[in-house]
Amino acid sequence: MVLVIHVYILHVVLHFDWNPAIEDGACSSVLLALSVWSIVLLIRAYPTTAAIYPYALIAALAVSLITTVAEIQTLKWWFVSNNEEYKAWLSQRAPIRFLVTWILNSWMATNTALRKNITALDTRFQMQTDASVLLKEAELFKLRQQLQPHFLYNSLNSISALIMVAPDRAQEMIGKLSDFLRSSVQRESEDTLPVSEELVYIQSYLAIESVRFGHRLQVHIEREDTANATIPPFLLQPILENAIKFGLYGKTGTVTIIIHIVLEGPMLMLTITNPYDADMQPPKGTGFGLAGIQRRLYLLYARTDLLETKKDGQYFTTILKIPQQNVQSHTDR
């Protein structure tokens with residue numbers, strides 16, 4: 001296209017013969033292409049993006065000057081050597097030729113610099129995003145790892161106590177604890193699980209706690225319309241562990257904990273209610289705690305309103321909300 005325009009201007013507009021027009025156009029096109037290629041290489045080789053735009057303009061100016069001089073000398077010495085009229089015109093139009101070359105090269109230089117700057121910004125943004133994701137995953141992993149040690153510590157203490165007085169129950173608890181821990185390892189790689197699978201896991205956990213507390217612990221699970229709902233693993237257990245810890249401490253009779261699960265629109269609602277006596281509180285422990293769950297919910301959903309607690313008379317209620325995707329409750333259908 002450049003060659004055609006060049007030949008058209010020289011032959012049709014300026015009325016030069018075909019030979020100088022074609023020779024001028026061919027030489028100019030080749031040298032202009034080389035100058036553009038040189039500018040692209042110079043900017044790509046620039047080691048940083050700092051002050052890249054002034055560098056690009058200076059490079060365009062230098063390359064344009066070299067290109068114009070080389071173009072004029074080549075046309076004078078190699079092509080159209082006998083056309084004196086053309087040579088005179090060529091010398092007179094050198095500034096215009098330089099200006100046109102410099103404008104084209106400057107545009108290419110700034111465009112290449114802009115692309116390089118955008119690529120550098122994208123790379124930096126991607127690195128920051130990857131670092132944030134890795135940091136988030138590391139913190140989530142840490143929060144997950146905080147869940148089991150306290151429960152395992154209590155279970156082993158109970159097994160130790162049962163070995164002397166009730167070895168059969170101790171053996172039963174060891175088997176259930178082994179199955180529970182095996183299930184925990186299998187769930188480590190999962191981001192979310194169906195509610196039904198999470199409840200199977202919770203039943204395994206409650207089976208171990210029932211060996212520890214016997215008939216004193218009663219857990220009722222009320223589940224409504226949650227066939228397609230999902231929940232991140234290891235969220236419900238620490239809440240239930242907290243309810244057992246505060247519900248049974250200081251009490252000798254039966255304690256009932258109620259878990260109500262329902263899908264309300266795009267939100268899975270889990271309500272855990274346990275007895276609560278403000279005057280009879282267990283000593284501060286080292287368990288996972290509600291603060292850890294709150295932090296994990298924020299890392300997963302970037303929201304701080306998904307965990308709520310209430311104290312109503314003698315009862316303590318924990319409300320856990322899990323956002324759902326592409327799930328519609330029965331009441332909405």
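Restricting to the range 170-218, count the residues that are within 21 Å of I244 (Cα to Cα) and not in a helix (DSSP H, G or I).
Within the range 170-218, residues that are within 21 Å of I244 (Cα to Cα) and not in a helix (DSSP H, G or I) number 2.
Taking the stated definitions as given, is L31 modelled with pLDDT under 60, in a helix (DSSP H, G or I) and surrounded by 14 or more Cβ atoms within 10 Å (Cβ to Cβ)?
Considered against the rule, which asks whether it is modelled with pLDDT under 60, in a helix (DSSP H, G or I) and surrounded by 14 or more Cβ atoms within 10 Å (Cβ to Cβ), L31 comes out as no.
Pairs please, first residue from the range 292-310 and farther than 16 Å from L236 by Cα and charged (D, E, K, R), second anywhere and in a helix (DSSP H, G or I) and open to solvent by less than 70 Å² (accessible area, probe 1.4 Å), Cβ atoms under 9 Å, 6+ apart in sequence or on different chains.
Pairs found: R303/L297.
Pick from the range 237-259 the residues that are charged (D, E, K, R) and part of a helix (DSSP H, G or I): which of them is farthest from the chain's Cα centre (by Cα)?
K245
Name the one entry in V40, V63, V69 that is over 30 Å from A120 (Cα atoms), at pLDDT 80 or above and out of contact with any Asp or Glu (no Cβ under 6 Å at 6 or more places or on another chain).
From the options V40, V63, V69, the qualifying one is V69.
Taking P149, is it farther than 30 Å from M267 by Cβ, open to solvent by 10 Å² or more (accessible area, probe 1.4 Å) and at pLDDT 85 or above?
Numbers: farther than 30 Å from M267 by Cβ: yes; open to solvent by 10 Å² or more (accessible area, probe 1.4 Å): yes; at pLDDT 85 or above: no.
So P149 does not fit the description; no.
It is to be established whether one or more residues within the range 267-274 are open to solvent by 10 Å² or more (accessible area, probe 1.4 Å), touching a residue at least 60 places away in the same chain (Cβ under 8 Å) and assigned to a strand (DSSP E or B). Steps first, answer last, please.
Filtering the range 267-274 down to residues open to solvent by 10 Å² or more (accessible area, probe 1.4 Å) leaves 267, 269, 271, 273.
Imposing the further condition that a residue be touching a residue at least 60 places away in the same chain (Cβ under 8 Å) reduces the set to none.
Scanning the range 267-274 turns up no residue that is open to solvent by 10 Å² or more (accessible area, probe 1.4 Å), touching a residue at least 60 places away in the same chain (Cβ under 8 Å) and assigned to a strand (DSSP E or B).
Could you say whether any residue in the range 226-236 is part of a helix (DSSP H, G or I) and either free of Cβ contacts under 8 Å to residues at least 24 places away in the same chain or open to solvent by less than 40 Å² (accessible area, probe 1.4 Å) (or both)?
The answer is yes, given that some residue of the range 226-236 is part of a helix (DSSP H, G or I) and either free of Cβ contacts under 8 Å to residues at least 24 places away in the same chain or open to solvent by less than 40 Å² (accessible area, probe 1.4 Å) (or both).
Tell me, which residue of the range 292-330 that is under 18 Å from P194 (Cα atoms) and assigned to a loop (DSSP other than H, G, I, E, B) is modelled with the lowest pLDDT? Step through it out loud before you land on a result.
Residues of the range 292-330 under 18 Å from P194 (Cα atoms): 297, 300-301, 320-330.
Keeping just the survivors that are assigned to a loop (DSSP other than H, G, I, E, B) gives 324-329.
Working: Q324: 88, Q325: 78, N326: 64, V327: 54, Q328: 54, S329: 49.
Per the criteria, the residue is S329.
The values are calculated or read from the model by the stated rules, or taken from the named source; none is laboratory data. All values reported here derive from a predicted model rather than from experimental measurement. No Cβ is skipped: glycine too gets one built from the backbone with ideal geometry, and neighbour counts run over all protein chains shown. Calculation scope for accessible area: heavy atoms of the full protein, side chains included, ligands and nucleic acids excluded. Shrake-Rupley method; radii C 1.70, N 1.55, O 1.52, S 1.80 Å.
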